[in-house]
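Step one of this worksheet: look at the structure below.
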Amino acid sequence: MAYCTNCGKEFKSGEHFCTACGAKMAETAEKTYEKDVAENKVFAIFAYIGILVLIPILAAPKDSKFARFHANQGLVLLIIEVILSAVGAFLELLGGVLWILGVVLIPAGVVLQALPVIWMIIGIVNAARGETKELPIIGQYTILK
Ligand SMILES: [Zn+2]
């Protein structure tokens, strides 16, 4: 990630002027960011594919802010995925026993288990585009600095 030298706001990929204060992005920062994206895009994509998040965590260059950003997002997603899949499975089980509530519980369980797939697709698209956008809802959490 590159930051505005004037106000500190983060530059998204493809931006050459700060959206907050209008300052031009420093050329060195721009080059560094673009190089980071080009070299570490594969690591960033792996971050969203389940346990493969370990590849960017362990193998991506330590100074790659782009890979690190996506590794963190992927790790948060993996943890949420485990929780949602357990809760979803429990709801489906409960729905199977309490047959009246099953009408509500079983679809709710299916939705909870499907959510991570949507986040995964969003994350992969962001990584492939060279963007450092947070995932909706869960992307605000930081585990890896
Ligand atoms: Zn600025």
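Taken together, the values in this text are just the output of simple stated rules run on the coordinates, not laboratory data. These numbers come from a predicted model, not from an experiment. Cβ coordinates were reconstructed from backbone atoms using ideal geometry, including for glycine residues, and neighbour counts include every protein chain displayed.
Most fluctuating residue of Ile122, Ile100, Ile57 in a GNM of the chain with Cα springs under 10 Å: which is it?
Comparing Ile122, Ile100, Ile57 in a Gaussian network model of the chain, the most mobile one is Ile100.
Please list the helices of the chain that count as membrane-span-like by this rule: a mean Kyte-Doolittle hydropathy of at least 0.0 together with Cα atoms stretching 20 Å or more along the helix axis, each helix being a complete DSSP H run. Before the final figure, lay out the partial values.
Values: long enough: 27-46 (29 Å, -0.57); 65-97 (48 Å, 1.35); 102-128 (39 Å, 2.07).
Membrane-span-like by this criterion, though nothing is claimed about a membrane: 65-97, 102-128.
Roughly speaking, what is the stretch gain from Ser85 to Ala114, that is 0.36 nm per residue apart minus the C-alpha to C-alpha distance, in nm to one decimal?
Details: separation 29, 0.36 × 29 = 10.44 nm, distance 0.86 nm.
Length gained, Ser85 through Ala114: 9.6 nm.
Helix-only estimate, please: 222 nm mean residue ellipticity of the chain, summing -39500 (n - 2.57) across DSSP H runs of length 4 or more and dividing by its residues, to the nearest 500.
Theoretical 222 nm ellipticity from helices: -20500 deg cm²/dmol.
What list of ³J(HN,Hα) values in whole Hz, one per residue of region 133-145 in order, does the Karplus curve 6.51 cos²θ - 1.76 cosθ + 1.60 (θ = phi - 60°) give from phi, with Gly and Pro shown as x?
Along region 133-145, the couplings run 9, 6, 5, x, 6, 8, x, 6, 7, 10, 10, 8, 7 Hz.
Could you please report the charge total around Glu134, scoring K, R as +1 and D, E as -1 over all other residues with beta-carbon less than 15 angstrom from its beta-carbon?
Values: positive: Lys9, Lys12, Lys65, Arg68, Arg129, Lys133; negative: Glu10, Glu131.
Net charge in that neighbourhood comes out at +4.
If the only charges are +1 at each Lys and Arg Cβ and -1 at each Asp and Glu Cβ, what is the size of the charge dipole of the chain around the Cα centre, to the nearest 20 debye?
On the way: 12 positive and 12 negative charges, 46 e Å.
Dipole about the Cα centre, nearest 20: 220 debye.
Only Cα pairs within less than 10 Å get springs; with that Gaussian network setup on the chain, which residue of Phe46, Phe11, Phe90 has the largest fluctuation?
Highest fluctuation among the options: Phe90.
Which whole-number percent gives the relative contact order of region 40-128, counting Cα pairs below 8 Å spaced six or more residues apart? Could the numbers behind the result be given before it?
Details: 115 pairs, mean separation 27.4, N = 89.
This gives 31 percent for region 40-128.
Using a Gaussian network for the chain with springs between C-alpha atoms less than 10 Å apart, which of these wobbles most: Pro61, Pro107, Pro116?
Maximum fluctuation in the GNM of the chain, among the listed residues, is at Pro107.
Roughly how far apart, in whole Å, are the Cα centres of region 96-132 and region 1-77?
26 Å
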